[in-house]
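I have placed the structure first, in the form of structure tokens, so that the comments after it can refer back to it.
The values are calculated or read from the model by the stated rules, or taken from the named source; none is laboratory data. A quick note: this is a predicted structure, and the numbers were derived from the prediction, not measured. Cβ: placed from backbone, ideal geometry, glycine included. Neighbour counts: every protein chain shown. Note: accessible area is taken over every heavy atom of the protein model, side chains too, but ligands, DNA and RNA are not part of it. Shrake-Rupley method; radii C 1.70, N 1.55, O 1.52, S 1.80 Å.
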Amino acid sequence: VYVIDGKGHLLGRLATVVAKLVLSGQKVVVVRCEDMNVSGSFFRNKIKLHNYLNKRCLSNPKRGPFHFRAPSRIFYRALRGMIPHKTPRGEAALGRVKVFEGVPPPYDKMKRMVIPRALRVINLKPGRKFSTLSNLSSEVGWKYQDVVADLEKKRKVRAQAFYERKKAIANIRAKAVAAKEAELAPIKEQLVQYGH
């Protein structure tokens, strides 16, 4: 399973990479979708989003299209457009994707990766405008920006505590190894003779 941290990635560029991975049979989880970026100013992207919200079935809007407001669903929809989702192969590929705001368990304990060729700092010229998905979503009716922010704050505190503990254990281990170095020297010499 590829666990990708969406923070600081450009939405479309990340979606292309994820689409390729899931079509080739990999399982992908994208976390922190709310911190993804979209190139272009906030106002421009907001207008584009409102244009999309206007598109509906006139005779009965309940028939669709369905406008999901959450950042993870906005990313999912961009991804769906890059996959032949009406075929069994495309449907299976979309089944291999999971998208989340924040980093829910068990993914908070997993190693997360970035996709360098989708990062904003690499792709966007310095000084160009960009907007963040959480701001756009909360502008059109996503209500959980504060909830996700609170949960993320708590997760970061836990992660920091874990890291400090890990560092302390590594330190103790290094000291223990250094203390026994002299005792182990003759054994190491013997091991060298046997080719280890």
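General remarks:
- Odd one out for K86, checked against (1) outside any helix (DSSP H, G or I); (2) in contact with a Lys or Arg (Cβ under 9 Å, 6 or more places away or on another chain): (2)
- Residue count for the stretch 23-61, restricted to those that are assigned to a loop (DSSP other than H, G, I, E, B), open to solvent by less than 40 Å² (accessible area, probe 1.4 Å) and closer than 27 Å to R96 by Cβ: 2.
Conditions tested, residue by residue: (1) of a type outside the set (D, E, K, R); (2) within 19 Å of the chain's Cα centre (by Cα); (3) more than 30 Å from I4 (Cα to Cα); (4) modelled with pLDDT under 95.
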| site | (1), (2), (3), (4) |
| --- | --- |
| V140 | yes, no, no, yes |
| K143 | no, no, no, no |
| I169 | yes, no, no, no |
| I187 | yes, no, yes, yes |
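- Remark: pairs (first residue in the stretch 114-139, over 26 Å from H50 (Cα atoms) and of a type outside the set (G, A, S); second residue in a helix (DSSP H, G or I) and open to solvent by less than 30 Å² (accessible area, probe 1.4 Å); Cβ separation under 8 Å; 6+ apart in sequence or on different chains) = I115/L14; I115/V17; R117/V17.
- Residue within the stretch 90-106 that is surrounded by fewer than 13 Cβ atoms within 10 Å (Cβ to Cβ) and closer than 21 Å to D5 by Cβ present: yes
- For the stretch 1-22, residues that are among the hydrophobic types (A, V, I, L, M, F, W, C) and part of a helix (DSSP H, G or I) total 8.
- Boolean, G12 is open to solvent by 40 Å² or more (accessible area, probe 1.4 Å), out of contact with any Asp or Glu (no Cβ under 8 Å at 6 or more places or on another chain), within 24 Å of N135 (Cα to Cα) and among the small types (G, A, S): no
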